[in-house]
Structures are given as structure tokens and as C-alpha cells.
Amino acid sequence: MKPTFIIDFDSTFTQVEALDELARISLKNHPDREKIYQQIEDLTNLAMEGKLSFSESLAGRVKLLNANKSHLELLIKHLKKKVSASFQRNKLFFKKQADEVLIVSGGFKEFITPVVTPYHIKKKNIYANTFVFDKDGNIIGYDAENPLSQENGKVKLLKQMNLEGEIYGIGDGHSDFQLKESGMIKKFFAFTENIERKTVAEKADHVAPSFDEFLYVSDLPRAISYPKNRILCLLIGEVPEESIELLKKDGFSIRHKTSFEEKYVKDVGMLLLGDGEHIPDEQLRRAIKLKTLGYYGIAKDKINLDICTEMGMVVFDSVKANPSNKTFIARRMADFINTGTTHMSANFPNLQLPKIAESHRLIHIHKNVPGIMSKITKVMAKHEINIVGQFLMTNPKIGYVITDIDTKYDKSLLKELRKIENTIKFRVLY
């Protein structure tokens, strides 16, 4: 029996709380708008943290809105641009699991339905409140008989639904945790990509900084092979704030330090250094998980590029006298992690290629010796893999191959590719 996935809407499927955003639209010209905005936000947070009943919070917020149908149209346009990044990139998951995904929210169908249906979520699988309008289209209330408008509403709804099989809950608030507390779901994931409510996260079975993390832990099909929130991105020294924000927004796990502390050496996946910083050869050799290194300045004077190349670490740097924009190096590093692009690398063959839809991308870095490509192709043929794109670039020391395949593969394929003689690094991007 297939599992059921219950997903929250506000601050989970979307980056924001919809009623808070609606207030920003409907009260735009109100003289006391800032005061009312704060009241609505406070009511939202108190309910999400379990400090105020959901029914009291909802009634208070709707009363303060002063909204109508024309405001909802503007809200929907806004929310479509605010879908959480990890949900956006996993659109294919929702298409394949359309029957098993339910949106269960204390929000309102009037704005939830048009935002989630483009993600292949069926209307019959959307459970939410509904507004009550007057003859002029003004919001004057909501259907108070709907269990989702009441305290412990998600639990009440689930009892009515009588779902069979394992149920997983994903959300950011107290009402989501109540499903776990009731014993009705197998596992509750506290979703923290947009906001972390500590009182909820502390009680969760698992904290998911992204939807990728939930899919990875649950061993479900996903857009990227390994969640970016699990890739440790260490920043050392003076790094532009714009670069830090870019990497945070992309979902990497950020640590900003004044030196390369020993405790991070074996686990760091990305390393971004301010100008003047130096990494000893001995530390570099032990950074076995390090995939890419960025340097604000001339890297060859401070980092042993030969070691980086031998270990399959892609280096990007810049010249201090002619600095690029403040996010250039960070963007190059992120592009390599996300797509395998090595464009403008200081030590790797330059390879830049488009993403092929609905394919799996495999990265293979190896010593530049004869016969590697034929071995890769032989393994692919053995597993009856259809190659839709393959790119090879070399320099005197290494070869770098990107292979796009369009079929499902057995994990033994990956093991065999890793075992090819003279392989330096191998990974699946997506």
C-alpha cells in the first residue's frame, strides 16, 4: 500500500504566510497598516508555536484583513512567485505521486488551489478552509463548520478521512506536529527552509531544511541526488556578504570562520576563502569530501593547485586588482555543485553544458590515462543504460566526464563506476 504525504501550505509549500501577505495587499492604504500588520503576524506566530489556539488566531486574523476578491487575485500572483525553492525543483515528484500527495492547511482554498495545482496536485487532494463573502465580494468570515478552522483541526480532519497505510506529515507549525502527537502519522518532518520554529523542531522526528532532505531520508525520487543542506560550505576570512547570502539561498549549510578549523577538515564539501587566506597542503590532502574551492584573489600563491587537481577539487579564483562582481566566485562554485559546470576554473578543463530535462547527470573525474571512456561506456552498456548526452574534457593530469542518462538505474551501476581504475571522484548530481 502506497504511503500518503500530508503537506502544509504556509511557510512550507510557500515561503510565506499567505494571510500575512494578503494583509500587506488589502491594507496597503490603511493609515494604521503597520500596527495591523504586526497584530496579524503576532497572531500567526502564536498559533504556529502552540501558544494560542488556531481557531482564535484564525478568527482574529480574518477580522483584521479588510480584504475582498480583487485582493485575492493579487495575492495569488504573488504566491505563485513564492513557492519554496526545493518544492519548485521537485515538481516531477508531485507529478509521479499525484494520488498520494495531500495539501492540508489552515489557509484558504481560494488562494491555495491556484498555487498548488500547477504542481500536479489534484483539487480533490486539497483540504483547506473557505472564505465567506458578501454580495460585493468582501471577505466577511469563513466556514466555521470546517474542521480545519478549529483547534486541532488537522487531527479532526484525518480522523474523518480514515486513510489507510503509512502517513507522513511535513510542515512548520504546531498544528502539523499535532498529527504526530495524535499517533495518526508514522513520521513528522519539521520543515525549516523558510522559518524554524524551535518549539516544533525540537519535537519532530526529523528536521528537514528542504524538501530534498525529506525525499532523501525517505528514499523517494528527487530532483537532486544529495540534499544541498547536507553539503558543508565553509567560508574563511573576509568573504563578501552578497556571496554568503547567495550560498545560503541556494540551500548549502554555511559556516563562517576565521580559520580552517580541524573539526571541519574531513567533512567540508565547499570551501570559500577571503584574499590572503592560506590552506596548508597537509590539511588539503585530508579534505577528502571537498568538491570545490573558491578564492578571492590569486589562488596559486596560497593553495596548492596540483593537490586540488589530483584530488578532484575544482578551484575558482579572481584577481584582486580587477575584482569581478561580489558573487562571481560563489556563483561559479554553486554552478559546479548544481550542474557540473567548470567554466573559468583555475585548474580544471573548462566544461559548460545545458541541463537536460528529466535525465540523471553523472560526474566522473579521473586521472588522464588511456581507456577510461571505454570503461565507462562498457559499464553503461552492461546495465543497458541509454546515454542522452556525454561530454569529456581533459588537461595533462585529469579527465572530466559528464554523462546524462534517461533511464532508471540500479545502485550497482554507481558502485561499478566508482571502482573504475584511476577514478578520483564520482558523484550523481540529479
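Amide H of ASP317: which non-local residues (sequence gap of 5 or more, or other chain) have their own amide H closer than 5 Å, using H built in the peptide plane?
It is TYR295, ALA346, by chain and number.
How high is the FRET efficiency from LYS82 to ASN325, r the C-beta distance, R0 22 Å, rounded to 0.05?
On the way: r = 26 Å, r/R0 = 1.18.
Given R0 = 22 Å and the Cβ-Cβ separation, E is 0.30.
Can you give me the three principal axis dimensions of the stretch 360-428 from its C-alpha atoms, in Å, biggest first?
Over the stretch 360-428, Cα extents along the principal axes are 34, 21, 18 Å.
Using Cα atoms only, what is the angle between the long axis of helix 33-48 and the major principal axis of the chain, expressed in degrees (0 to 90) to the nearest 10?
80 degrees
From the C-alpha gyration tensor of the stretch 228-339, pull out the three semi-axes of the equivalent ellipsoid (sqrt of 5λ each), sorted largest to smallest, in whole Å.
So the three semi-axes of the stretch 228-339 are 18, 17, 13 Å.
When averaged across all projection directions, what area in nm² does the alpha-carbon convex hull of the chain cover?
So the mean shadow area of the Cα hull is 23.9 nm².
DSSP loop (so not H, G, I, E, B), at most 12 other Cβ within 10 Å: list which trypsin sites (Lys or Arg not before Pro) in the stretch 1-101 pass both filters. Mind dumping the intermediate values first?
Values: sites: ARG24, LYS28, ARG33, LYS35, LYS51, ARG61, LYS63, LYS69, LYS77, LYS80, LYS81, LYS82, ARG89, LYS91, LYS95, LYS96; in loops: LYS28, LYS51, LYS81, LYS82, ARG89.
Sites meeting the loop and neighbour criteria: LYS28, LYS51, LYS81.
Which loop-located GluC sites (Glu not before Pro) does the stretch 206-241 contain, where loop means any DSSP state but H, G, I, E or B and the Cβ has at most 13 other Cβ atoms within 10 Å? Don't skip to the end; give the middle numbers.
Values: sites: GLU213, GLU238, GLU241; in loops: GLU238.
Of the GluC sites (Glu not before Pro), the ones in loops of the stretch 206-241 whose Cβ has at most 13 other Cβ atoms within 10 Å are GLU238.
Give me the mean projected area, in nm² to one decimal, of the convex hull enclosing the Cα positions of the stretch 4-217. Don't skip to the answer; put the middle values down first.
On the way: hull surface 44.4 nm².
Dividing the Cα hull surface by four gives the mean projection, 11.1 nm².
Which pairs, out of LYS28/LYS228; LYS69/LYS187; LYS249/LYS367; LYS69/LYS154; LYS51/LYS82, put more than 30 Å between their alpha-carbon atoms?
Details: LYS28/LYS228 37 Å; LYS69/LYS187 37 Å; LYS249/LYS367 34 Å; LYS69/LYS154 26 Å; LYS51/LYS82 27 Å.
The answer is LYS28/LYS228; LYS69/LYS187; LYS249/LYS367.
Quick one: order HIS206, HIS366, HIS360 by neighbouring beta-carbon count within 10 Å, fewest to most. Provide the component values of the computation, followed by the final result.
Working: HIS206 15, HIS366 22, HIS360 19.
Least crowded to most crowded, the residues run HIS206, HIS360, HIS366.
In the chain, what % of DSSP beta bridges are antiparallel (nearest 5)?
40 percent
Coordinate-derived values only; no laboratory data. Owing to the predicted nature of the structure, the values given are computational and were not obtained by experimental measurement. As a convention, Cβ positions derive from the backbone with ideal geometry for all residues, glycine included, and neighbour counts pool all protein chains shown.
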